[in-house]
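Shown next, in structure tokens, is the structure this report addresses.
Just so it is clear, none of the values below were taken in a lab; they were calculated from the coordinates. For clarity, every value in this text was computed on a predicted model and none was experimentally measured. All Cβ positions, glycine included, derive from the backbone under ideal geometry; neighbour counts span all protein chains shown.
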């Protein structure tokens, strides 16, 4: 995953403008992420790109980002992460992943995991109905997280909303199991 993202950052960094050093900053962001955080970043943003419809809103507005809050089944997330039982048994792993992404500004601090009755407190759309027996996780994107996602695919010069373009979805990594049951809760 890191190789894919760093390759995308290098591709996005090509420019005729000598002072454009945004790629160096993005590369430092990548370098600061654990492998768990990087894979989760990819899983969250690819699920968001497929699950969300924000109509004419823009991701560079807080209203647009709030609409892109997603909930996903924890089991599907774990399968996409390819956790071993030993990893899954670590009680600190999910906190490491999501608190780290939040602390780095790649998701908002409104994240959580558990039964719908518990995570509903984070929902922007409190009317959303979920099956009570499915444990899930909820999180919301940021501009920095969306920008990193685009740069990771060599699309650093694209608009943030281009992640919703169906042609962009064709770039998604085939070797990472997608989360197909993510729900927009914003």
Under the 7 Å Cα-to-Cβ spin-label approximation, residue 115 and residue 32 lie apart by a distance in nanometres of 3.7
From DSSP H assignment alone, runs of 4+ in the chain each adding -39500 (n - 2.57), the sum over residues rounded to the nearest 500 puts [θ] at 222 nm at -13000 deg cm²/dmol
For the chain, longest principal axis from Cα atoms; helix 35-51 axis from its Cα atoms; angle between them, nearest 10 degrees, is 80
Using alpha carbon centers only, the stretch 120-159 is separated from the stretch 26-80 by a whole-angstrom value of 4
Longest principal axis of the chain (C-alpha) makes with the long axis of helix 93-103 (C-alpha) an angle, in degrees to the nearest 10, of 50
Taking a crude spin-label model, label points 7 Å out from Cα along the C-beta direction, the residue 177 to residue 132 distance in nm is 2.8
So, relative contact order of the chain in percent, Cα under 8 Å, 6 or more apart, is 36
Of 49-55, 80-86, ordering from highest average Cβ density within 10 Å down gives 49-55, 80-86
In degrees rounded to 10, the 0-90 angle between helix 143-152 Cα long axis and the longest Cα principal axis of the chain is 60
Sorted on mean Cβ neighbours within 10 Å (highest first), peptides 63-74, 128-139, 159-170 come out as 63-74, 128-139, 159-170
With T = 10 °C, eta = 1.306 mPa s and Kirkwood Rh from C-alpha pairs, the Stokes-Einstein D of the chain in µm²/s is about 95
